[in-house]
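Have a look at the structure below before the remarks.
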Amino acid sequence: MQYVIIGNGIAGVNAAEAIRRMDPDGRILMIGDEPLLPYCRPMISMVLEGSVPLAKLPIRPASFYDDCKIEPILGNRVTGLDVDAGRVDVNGKRVAYDKLLIAAGADPRPIRAEGLGLGNIAYMRTEAHVRRMLAALDGGARRALVLGGGLVGFKAAYGLMCRGLAVTMLIRSGYPLSMQVDAFAGGMILDTLTAHGLDVRVDIAAEVFEGKDTVEAARLSDGSRLDCDLVVIGKGVLPALDFVPRDRIEVDLGLVVDLFLQTSAPNVYAAGDAAESIDVARQTRWVNAIWPEAAAQGKVAGINMAGRTVPYERSLSRNVIRIFDLDVMTAGVVDPQMITGTEVITRFDPATRRYRQLVFQEDRLVGMTLVNAIEQGGVLMALIQNRIPVAGRRERLLAPGFNYRAVA
Ligand SMILES: Cc1cc2nc3c(=O)[nH]c(=O)nc-3n(C[C@H](O)[C@H](O)[C@H](O)COP(=O)(O)OP(=O)(O)OC[C@H]3O[C@@H](n4cnc5c(N)ncnc54)[C@H](O)[C@@H]3O)c2cc1C
């Protein structure tokens, strides 16, 4: 059996390990365009922040590929896929597969602006990107402009603030992390960030970057000009599927997979940021581009590829984020308008700045946003992920101290 895995991120790595455990003799080829050991992508923001050194990023030892008998083809991007012939194109060569996993992750969403080729302008997705930012810091960068207030834009801004830079963030919605938290929690986050000096501007885009070799200023859509010597682009991601023939394999935003993480093409599976599976809270297809999803999906895809049929039914968006003195934990539906028939309950204590929003649909909890009230967050998440009907008065879940037995 010849297994080919595209992507050496966490989804690809967990798939390869699962396959190897079940099939000691099959041939596994892993193709990845980053010529590195697998590393913890979320931690690049901690490297930027200065709390973790670059050397701590790898998640597997140097012997990983040998230990698992994986043949790595690194530093090369897959450019074509022929699902009828069962082969992929890489570096001018054709590589045949019996089973293929597409775990290619996501690429940063590109932006349009003049002067993007100047130095000190970086996306934030890879180790190489963060190295570029560190070089800009070493070169004396002091004023940063961050485009985007989603998870990546926020983490870039936060990291640079921790480094002492003056940071301006351009966002489209009225508050940062609008996909992760509800509007009230978003307001709390915005207040905290601005109190720590972040300059946030809403509904303004960068149109032109100016400078000689490196960026020196940005011209913005409101006609203003902003001095900056580092620009980070964090406007979201798109599944990295350039090589996928969309007439032969179903793609929505991500590669559409069934319960067994198989795509519409025979013997082709997908996992991680590249895959679109059924989200338990929304009960619809969704790309949950987060680390624990990629890890779990990779493992289950690998098991299915190696011949044991195991369903994956637990896809859920979730996050835990620390923002200065705010602890934020979210899962599932944070904007109740996103689905029909919701009931929302909230509690905010201004003295302690503890906040909870819980979103119900019929008798199920489908979403939570917790700020500084994250104890029992695991219990609430288990209720969402396992679709456990909630009995009794729902308001009890807003108070600290409830336990699982009392509600389920
Ligand atoms: C700055 C940042 C902060 C984050 N913070 C969090 C967080 O706090 N919590 C959280 O849960 N998640 C976070 N994430 C998201 C998390 O990192 C991803 O969900 C996870 O890494 C996805 O894993 P993956 O294996 O699907 O894809 P990836 O990690 O993207 O790995 C895919 C690999 O495939 C390679 N590849 C792509 N196309 C090709 C091709 N055609 N040929 C060959 N190789 C290819 C890519 O270069 C990459 O190396 C963060 C991400 C970033 C960038």
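The values are calculated or read from the model by the stated rules, or taken from the named source; none is laboratory data. No experiment lies behind these values; they were computed from the predicted model shown. Cβ placement follows ideal geometry from the backbone for every residue including glycine, while neighbour counts extend to all protein chains displayed.
Of all the residues in the stretch 215-270, those that are aromatic (F, W, Y) and surrounded by fewer than 18 Cβ atoms within 10 Å (Cβ to Cβ) number 2. With respect to D33, determine if the residue is under 21 Å from L255 (Cβ atoms), in the same structural domain as L261 (by TED's automatic domain parsing), touching an Asp or Glu at 6+ places or on another chain (Cβ under 9 Å) and not aromatic (F, W, Y). Criteria not met by D33. Here D273 fulfils each of the conditions (1) within 14 Å of the ligand (Cβ to nearest atom); (2) of a type in the set (D, E, K, R); (3) closer than 22 Å to I102 by Cβ; (4) without any contact (Cβ under 8 Å) to a residue 40 or more places away in the chain apart from (4).
Screening W286 against (1) in contact (Cβ under 8 Å) with a residue 60 or more places away in the chain; (2) within 15 Å of the ligand (Cβ to nearest atom) leaves a single unmet condition, (1). Conditions: (1) surrounded by 18 or more Cβ atoms within 10 Å (Cβ to Cβ); (2) in the same structural domain as S51 (by TED's automatic domain parsing); (3) under 25 Å from R21 (Cα atoms); (4) within 21 Å of the chain's Cα centre (by Cα). P292 meets all but one. Number of the miss? That leaves (1) as the condition not met.
Within the stretch 237-293, work out how many residues are within 16 Å of A331 (Cα to Cα) and out of contact with any strand residue (DSSP E or B) (no Cβ under 8 Å at 6 or more places or on another chain). Summing the residues that are within 16 Å of A331 (Cα to Cα) and out of contact with any strand residue (DSSP E or B) (no Cβ under 8 Å at 6 or more places or on another chain) in the stretch 237-293 gives 2. Among residues that are modelled with pLDDT under 95 and more than 20 Å from Q385 (Cβ to Cβ), T340 is included. Quick check: anything in the stretch 298-312 near the ligand (Cβ under 8 Å from one of its atoms), at pLDDT 95 or above and over 13 Å from the mean Cα position of the chain (by Cα)? Yes; the residues of the stretch 298-312 include at least one that is near the ligand (Cβ under 8 Å from one of its atoms), at pLDDT 95 or above and over 13 Å from the mean Cα position of the chain (by Cα).
Residue count for the stretch 217-248 under the criterion of being away from the ligand (no atom under 14 Å from the Cβ) and of a type outside the set (S, T, N, Q): the result is 16. Pairs linking a residue in the stretch 146-165 that is assigned by TED's automatic domain parsing to the domain that holds M124 to a residue that is assigned to a helix (DSSP H, G or I), with Cβ atoms under 6 Å and 6 or more positions apart or on different chains, are V146/G153; V146/A156; V146/A157; K155/S45; G159/S45; G159/L48; G159/E49; C162/E49.
Matching residues to (1) under 21 Å from the mean Cα position of the chain (by Cα); (2) farther than 27 Å from G174 by Cβ; (3) aliphatic (A, V, I, L, M):
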position: D335; (1), (2), (3): yes, no, no
position: G341; (1), (2), (3): no, no, no
position: A351; (1), (2), (3): no, no, yes
position: R354; (1), (2), (3): no, no, no
position: E362; (1), (2), (3): no, yes, no
position: V371; (1), (2), (3): yes, no, yes
position: G378; (1), (2), (3): yes, yes, no
position: N386; (1), (2), (3): no, yes, no
position: R396; (1), (2), (3): no, yes, no
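Please name all residue pairs, on different chains or six or more residues apart, with Cβ atoms under 6 Å, provided the first residue is in the stretch 44-60 and is without any contact (Cβ under 8 Å) to a residue 40 or more places away in the chain and the second residue is surrounded by 14 or more Cβ atoms within 10 Å (Cβ to Cβ). What qualifies is V52/M43; V52/M46; P58/L37; P58/Y39. Out of the residues in the stretch 2-23 that are in contact with a strand residue (DSSP E or B) (Cβ under 7 Å, 6 or more places away or on another chain) and either free of Cβ contacts under 8 Å to residues at least 24 places away in the same chain or part of a loop (DSSP other than H, G, I, E, B) (or both), which is farthest from the ligand (Cβ to nearest atom)? Residue satisfying both the conditions and the ranking: N8. Just to be sure, is D67 modelled with pLDDT of 95 or more and either among the aromatic types (F, W, Y) or under 23 Å from R308 (Cβ atoms) (or both)? Yes, satisfied.
Put simply, of L259, L255 the only residue that is more than 16 Å from the ligand (Cβ to nearest atom), in the same structural domain as L101 (by TED's automatic domain parsing) and in contact (Cβ under 8 Å) with a residue 24 or more places away in the chain is L259.
Within this structure, R285 passes the test of being charged (D, E, K, R), part of a strand (DSSP E or B) and more than 30 Å from P400 (Cβ to Cβ).
Scanning the stretch 24-58 for residues that are part of a loop (DSSP other than H, G, I, E, B) and within 10 Å of the ligand (Cβ to nearest atom), which turns out surrounded by the fewest Cβ atoms within 10 Å (Cβ to Cβ)? Only one residue tops the list, namely P35. The numbered conditions (1) in a helix (DSSP H, G or I); (2) at pLDDT below 90 are all true for P400 except (1).
When D67, D138 are checked against the criterion of being under 30 Å from A205 (Cβ atoms) and either among the polar types (S, T, N, Q) or out of contact with any helix residue (DSSP H, G or I) (no Cβ under 8 Å at 6 or more places or on another chain) (or both), D138 stands alone in meeting it.
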